[in-house]
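Below: the structure, in C-alpha cells.
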Amino acid sequence: MTNQRIILTGGPGSGKSTLIDALTRRGYACSIEAGRAIIQEQVASGGNALPWEDRQAFAELMLSREIRAWHSAGNADAPYFFDRGIPDVAGYLTLCQLPVPAHLEQAIAHFRYAERVFITPPWREIYAQDAERRQSFAEAEMTYRVMRATYQQHGYRLLELPRAPLDKRVNFILAALRSD
C-alpha cells in the first residue's frame, strides 16, 4: 500500500488551510496547521513560544504537534491530508537562520509522508495578514522558496497547485492522487 499521508505546504496566505477545510467538507481526514494553533494557545496562556519571541521553542512545539499529527493518520487506507508537515519545521528554522537540530533531521527521515507533496505558490490576490499571520507578502514568497528547497532536499517531489478557484484546486489535487 502506498503512503497516504499527503502534505500541502507553501508560504503563508497561499490557501492551504482553505484547501484543508474544503477537503474536510468532502469527507477526507485532515490535520490542521500546527503553527497557527500553537500561536493561539501561547497567546491565550501568556506563553513565549511564539515566532516573534522564542522561535526555537515555537519550532519544538511545532515538531511535537506534527509528529502527533503524523501518528494520528495511523495506517490510513485513504488520503489523509496535512496542513504542513515535519519538514516545514526545518524550513521554518532555515528561514529564521537558526540551526536545524539533528533530532529534527532524524524525525524527517523517520516520519515519511507520500513522496508527492502539493505546494501552494504565493498568490497576492488572496494573501491577507491577521493576528497569527504577521509576515509581509515578500516574507510569504521567501517562505515558499525555502519550503520548496527543504522538501526537495529531503527527497520529496513537489507539484505546484494552480492559482485557481477553490474547487479547481481541490479537483487538481484529487486528480493528481488518482494518477499516482
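Points to keep in mind about this one:
- Residue count, the range 65-96 (criterion: assigned to a helix (DSSP H, G or I) and touching an Asp or Glu at 6+ places or on another chain (Cβ under 6 Å)): 1
- When the range 1-12 is filtered for residues that are under 15 Å from residue 118 (Cα atoms) and at pLDDT below 95, the ones remaining, listed by number, are 3, 4, 10, 11, 12.
- Index of the failed condition, residue 128 passing every other in (1) modelled with pLDDT under 95; (2) over 17 Å from residue 13 (Cβ atoms): (2)
- Taking each residue of the range 17-32 that is under 13 Å from residue 161 (Cβ atoms) and acidic (Asp, Glu) and looking for partners that are at pLDDT below 95 and assigned to a loop (DSSP other than H, G, I, E, B) with beta-carbon atoms closer than 8 Å, six or more apart or interchain, yields nothing.
- Some residue of the range 152-164 being without any contact (Cβ under 8 Å) to a residue 12 or more places away in the chain and closer than 15 Å to residue 14 by Cα: yes
- Taking the criterion of being of a type in the set (Val, Ile, Thr) and farther than 23 Å from residue 27 by Cα, the only residue of the range 147-180 that qualifies is 150.
- The range 51-73 residues that are β-branched (Val, Ile, Thr), paired with ones that are at pLDDT 95 or above and surrounded by 15 or more Cβ atoms within 10 Å (Cβ to Cβ) (beta carbon under 9 Å, 6 or more apart): 67/86; 67/107; 67/111
The values are calculated or read from the model by the stated rules, or taken from the named source; none is laboratory data. The structure displayed is predicted, hence computed values, not measured ones. FYI the Cβ positions are ideal-geometry reconstructions off the backbone, even for glycines, and counts take in every protein chain you see.
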